[in-house]
Amino acid sequence: MDAPADRACEFRASLNWLLHRAAQKLGTVAQEAAGRHGITMRGHVVLTALAGERSERTQLALGHALGLDKTTLTAELDRLERAGLIVRQPDPNDRRVRVPVITAQGRAVQVEVEKLHHQVECDFIADLDPQEAKALRALLERLIASDHRPDSGSCL
């Protein structure tokens, strides 16, 4: 026998569900924005990491920094390379190792997708007043920073 409709959704009050659902809604629109430029959200995360690099790092180091396993990162780098957004160069210290480097086209795409994501976020929190939006961000950052358990999962 099915639970009455009013009781079936009681779990919606849990913090896990609320955070997950908000992230799903925001993530769906952000993915659509990235897709307009032919990349995924994960691709955008990789491009953003590479755009912010002061020095080049190996694929392995990049994967570790982003919390992505080798297989997932390699597949994403393959897509970005085919699109001309990155190149993989041999590491000068070990020719068996590759160093992903963002191209000028990759930087342009990263900037455009970043602008779209900023607009997506603004639209998502449009019903909040500026103080509420600032408080939400501060509270989420505090919750993440105060959890001293090891990180699990990727940046996305």
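The values are calculated or read from the model by the stated rules, or taken from the named source; none is laboratory data. What you see is a predicted model, and the numbers here were worked out from it, not measured in a lab. Reconstructed Cβ throughout: ideal geometry from the backbone, glycine too, with neighbour counts over all protein chains shown. Remember, those area values only see protein heavy atoms, side chains included, never the ligands or the DNA or RNA. Shrake-Rupley method; radii C 1.70, N 1.55, O 1.52, S 1.80 Å.
In the chain the longest region clear of GluC sites (Glu not before Pro) that are loop-assigned by DSSP and have at most 15 other C-beta atoms within 10 Å covers 57-156. Partner lysines whose Cα lies under 26 Å from the Cα of K134, excluding those fewer than 8 positions away in the same chain, are identified as K25, K115.
Charge dipole (Cα centre; +1 on Lys/Arg Cβ, -1 on Asp/Glu Cβ; no other charges) of the chain amounts to roughly 540 debye. Quick one: go through the stretch 110-128 and flag any residue whose amide nitrogen is under 13 Å from the point 7 Å out along the Cα-to-Cβ line of L143. Answer for the stretch 110-128: none. When shorter helices are ignored and each DSSP H run of at least 4 residues is given -39500 (n - 2.57), the per-residue value for the chain at 222 nm works out to -19500 deg cm²/dmol.
With contacts taken as Cα pairs under 8 Å and at least 6 residues apart, the stretch 79-139 reaches a relative contact order of 22 percent.
Among V120, I86, P130, whose Cα lies farthest out toward the positive end of the dipole of the stretch 76-156, if unit charges sit on the beta carbon of Lys, Arg (+1) and Asp, Glu (-1)? My answer, from the dipole projection, is I86. With 0.36 nm allotted per residue and the present C-alpha distance subtracted, the A75-L60 stretch has 4.1 nm of extension available. Electrostatic tally near V99: other residues with Cβ closer than 9 Å to its Cβ, Lys and Arg +1, Asp and Glu -1, net +1.
Once you reduce the stretch 122-136 and the stretch 32-50 to the center of their Cα atoms, the two points are 24 Å from each other. How much net charge surrounds E53 when only the other residues with a Cβ under 15 Å from the Cβ of E53 are counted, with Lys and Arg +1 and Asp and Glu -1? That sum, taken over residues with Cβ under 15 Å, equals +3. Within the accessible surface of the stretch 48-156, defined with a 1.4 Å probe on protein heavy atoms only, the carbon and sulfur portion equals 54 percent.
Mind checking the angle between helix 41-51 and the chain's longest principal axis? C-alpha axes, 0 to 90 degrees, to the nearest 10. Once rounded, the angle reads 50 degrees. Average accessible surface for the stretch 20-144: 65 Å² per residue, computed with a 1.4 Å probe over protein heavy atoms with every protein chain in place. How high is the relative contact order of the chain? Use alpha-carbon pairs under 8 Å, at least six apart in sequence, and give a whole percent. Result for the chain is 26 percent. Looking at the chain as a GNM with Cα springs under 10 Å, which of R54, R36, R98 has the largest mean-square fluctuation? Between R54, R36, R98, it is R54 that shows the largest mean-square fluctuation.
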